[in-house]
Amino acid sequence: MRDCVDTARYQCNAYTIDAGNRRLSRAGAEIVLEPRAFDVLLQLLARPGELVTRETLLDAVWGHRYVTPSTLNRIITLLRRAFGDDSEESSFIQTVRGAGYRFVGPVTRLRDERAEPRARFEPPPTARIPARMEAIIGREREIAQLSDMFAVHRAVTLIGTGGMGKTQCALEFARQVSGDYPDAVWLFDLSTLQRAGEWLAMVALALSIPLSDETEMLAKVAATFAGRRSLLVLDNCDRLAPQVGAMVFELLRATRELRVLATSQQALSFVGEQVLRISPLALPARAWDGSDDALTEIAAAPAVALLVMRARSSQPAFALKATNVAAILEICRRLDGMPLALELCAARFAVLAPVQVLERLDHRFRFLVSDATGRDRRHRTLLALLDWSFSLLSPDELRLLCWLAVFMQGMALDAVEDLAPAMGRDAETLLDLLAGLANKSLVVAEPNSVPPRYYLLETVRAFALERLAASGEEPTARDAHLAHILRLAIDSHEDMLGARMRQSITRLAPEHANIASALDWSLADERRHMTAVRIVGALMLYAKSHGEYALGAAWLERVVGRVRVPSSAERGRALLAHGVMRMHRHHHDAQITLVEAEQEAKAAGDDWGLACASGYRALDLTNRGRTQEAEPPLSAVETLATRLDDDWLHSLAGLARGWWYLARNELPDAIAELRKARDFGNDLHQRHFIGIYIGLASFGLGLDVDAAGEFHAALLIALEIGNTRGGAGSVEGCAYLCARRGWCAEAARLLGLARQVRERTALPLFASWIHHHEQALGVVRGALGAAQADALLLAGASSREEEVFNETLSLLRRIGGN
């Protein structure tokens, strides 16, 4: 078996390394590292003072994938820079010439005294408000107006033309009032969507609600937010305004405390909507007359203040003074105080004086002026500025920017590196070009995300896509994007089988839009259909472990149900993933799909896929009460797991055999088999799943203390990997224990919450739970009476999940004697 994930914390002088949360900090200030750099650091810290060979680092961090020697050299350089280290006189990372490296700094492994994790109702990483990167200038009045409006109303839409700063204004307001919303601020970017129903699907998936018809999903979303004080920020509603408005109206009508802040170029047009128009940043009211007072007043004007502040980002010594104030004033006036235009213009100050910027601005504006009816004047200005900004890039910078436009809602650093072969460049060159684009404000870095992500402003992205299409390179760029998603999916599968499940979940969670875009591209041409099949097949463990059954099923339905590819191991893996999703959702065709997966794997000689399909087929048959039919596939997975000596398969085989014993009510054998299976592999979800069933079998034997301990441990894992349905299993088990003790009010509320989660996620109870569930309900109804029991069940269903999860942890500790 491989080592488990390192969750230790280390201290080295003023530096703290938190392995579990993958953070390096100095005196409390976080230092952002690339994921591979952090992995190398952990390998060195695990052997302080010892030589770690280059081969060991390459194998541990990159696996058996080929990387050039310069890649490791660059990572070591980044680590030394993070520690302020000198390669010649090393205080932290010492080079052993021709061999490798050793960490020579004073390292202390800290005792982990962190509190036990607690459940919270909060958005997934993809729907959280990003941290503020720079000060927001000139929007104090609008933010104050928003506060006043939300004191009375429940929905406000910020309206303004593109580039006016609606998004930044909305995000800053959301940051300032986040403390007023105990159920969190949720951010959804609608800029890439084609239909309003896609936004509803985004919300549903964030809440682990399965995809279904819009009416049903809307009702479930509303039920989840009922009684919660949350703020939904809906950004870039422009193209979908009326349709989204209709959905927002229904959500608000079905809830009491929910608030909605939208940004759009037009109103969403629903009853109750309040509109706040965002104007350009104010220009100086006073003309330049050569006086100090005039210079001070001009500098305080929001448009000038923004331009000067952004200019200092690329030219720290820049200052507003008598020799440049006239040019600065004219630039602000020519750009109409538009924030995005000012920011793009400010990046040019790194190489040009203000008067030179003004000269080039004037030339480009005349070239691109259009009198076409319906074109907003400021849009003409923005397009001219974008064209001008693009023209000032080097050919390689411009080409990379256009290629980056194929990514949806951002990209991680390794995504940029993966473009290198298709672009005919090496990865290090692309990273240098990316830094240049970030310095020119055409790429936005979000360093607080882990790993760091990079974004194109949507207006920049749309313009870059047009240029990419015109260049004729769009198909090549999209093929490179598709290859990156395939590589990411395959690597995540391998990492999740190893010791990097947490990291893989964190890495994949922000990539849903990129995965969907890659699948769209691959499904459009039958020559790429096999790539789509390989992607969805490789995402099985992610969908299973993170509880993304609805999303995984949606991806698989799109691919498996639509494409016809030759019989192969890849098709078998996709069918396997499809069967696993169906098995967990009790789909009537799960058995058919898994049998087909077995046949494909057998024909292709894919023993791992065959074993996995047999294991899940045995689980599905056992769950359906067909234990005799389950014996052949169960024996098959046990035999293959032994022959392949595969830890994950051993774990699956043990789980299937444990279920088989449970179904036959042979509980001691079930516990023995499941405990043995839990020791295999590093799949946290599998470990959680097995622990739940050890707890259930222990409960069946009357071993309540053991059952409580198992349910408690399983719930902590579910919270760690964000699997809501898995957490509900521990809630269910705790309810059984409470009913046995006569704590019937607590049992009823827990049963109500567990039922609500099952219904919302469309993942019903497996057969081994049903007897205990009905027995507990009977005890509760007998003790409390039907009316009171139903009232408490309903109260539990309408409770906050995070509160019930935390209560469950407390009850389980109490029952377990802790």
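The values are calculated or read from the model by the stated rules, or taken from the named source; none is laboratory data. All values reported here derive from a predicted model rather than from experimental measurement. In this analysis, Cβ positions are derived from the backbone assuming ideal geometry, glycine residues included, and neighbour counts consider all displayed protein chains. Ligands, DNA and RNA are stripped out before the accessible areas are found, and what is left, the full protein with its side chains, is counted by its heavy atoms. Shrake-Rupley method; radii C 1.70, N 1.55, O 1.52, S 1.80 Å.
Quick notes on this one:
- A helix-only calculation puts the chain at -19000 deg cm²/dmol for mean residue ellipticity at 222 nm, using -39500 (n - 2.57) for each DSSP H run of at least four residues, averaged over all residues.
- The range 470-531, dipole about Cα centre (Lys/Arg Cβ +1, Asp/Glu Cβ -1), debye to the nearest 20: 260
- Listed residues Leu413, Phe188, Val563: farthest to the positive end of the dipole of the chain (Cβ charges): Phe188
- On Cα atoms only, tilt of 512-523 relative to the major axis of the chain in degrees: 90
- Accessible area of the chain divided out per residue, in Å², using a probe of 1.4 angstrom: 41
- Projected over every direction and averaged, the convex hull enclosing the alpha-carbon atoms of the chain yields 37.8 nm².
- Shape class for the range 155-212, computed from the alpha carbon gyration tensor (a ≥ b ≥ c): oblate, with a/c not under 1.5 and a/b at or below b/c.
- Rounded tilt (10° steps) of 214-225 against the dominant C-alpha axis of the chain: 90
- Two-site FRET efficiency, Arg175 against Gln266, from Cβ-Cβ distance with R₀ of 35 Å, rounded to 0.05: 0.85
- Anchor Lys544: lysines whose Cα lies under 27 Å away (excluding residues fewer than 8 positions away in-chain): Lys220, Lys602, Lys676
- Each of Arg813 and Arg527 was given a label point 7 Å from its Cα along the Cα-to-Cβ line. The distance between the two points is 6.1 nm.
- Residues Leu51 and Thr192, FRET efficiency given R0 of 45 Å [Cβ-Cβ distance, rounded to 0.05]: 0.40
- Three-way shape call for the range 494-598 based on the alpha-carbon gyration tensor, with the a/c threshold at 1.5: oblate
- Spin-label model distance (nm) - Ile592 vs Asp289, 7 Å beyond Cα toward Cβ: 8.6
- Estimated inter-spin distance, Arg643 and Arg800, nm [label 7 Å along Cα→Cβ]: 5.4
- Compared with the dominant principal axis of the Cα atoms in the chain, helix 767-784 is inclined by about 90°.
- Local electrostatic count at Ala767 - Lys and Arg +1, Asp and Glu -1, tallied over other residues with Cβ under 11 Å: +1
- Förster-model FRET efficiency, 41 Å R0, Glu89 and Glu122, C-beta, rounded to 0.05: 0.35
- Whole-number D in µm²/s for the range 218-279 (Stokes-Einstein; Kirkwood sum over Cα pairs; 25 °C, 0.890 mPa s): 204
- Carbon plus sulfur fraction of accessible area for the chain, probe 1.4 Å, in percent: 50
- Furthest towards positive pole of dipole, Val460, Ser545, Ser522, structure part the range 458-586, Cβ charges: Ser545
- Whole-Å distance, taken between Cα centres, linking the range 150-216 and the range 535-571: 29
- Residue-count net charge about Leu793 - beta-carbon cut-off 9 Å; Lys, Arg +1, Asp, Glu -1: +1
- Residue separation of Ser391 and His153 scaled by 0.36 nm, minus their Cα-Cα distance, works out to 81.1 nm of gained length.
- Centre-to-centre, using Cα atoms only, the range 723-747 and the range 754-818 are separated by 5 Å.
- Three-way shape label, the range 691-745, alpha-carbon gyration tensor, a/c 1.5: oblate
- Relative to the Cα centre, the charge distribution of the chain, modelled as +1 at Lys and Arg Cβ and -1 at Asp and Glu Cβ, gives a dipole magnitude of about 840 debye.
- Extension gain from Ser313 to Val444, taking 0.36 nm per residue of separation minus the Cα-Cα distance: 45.9 nm
- Basic side chains Lys and Arg get +1 at the Cβ, acidic Asp and Glu get -1 at the Cβ, and with that the dipole of the range 187-340 about its Cα centre reaches some 200 debye.
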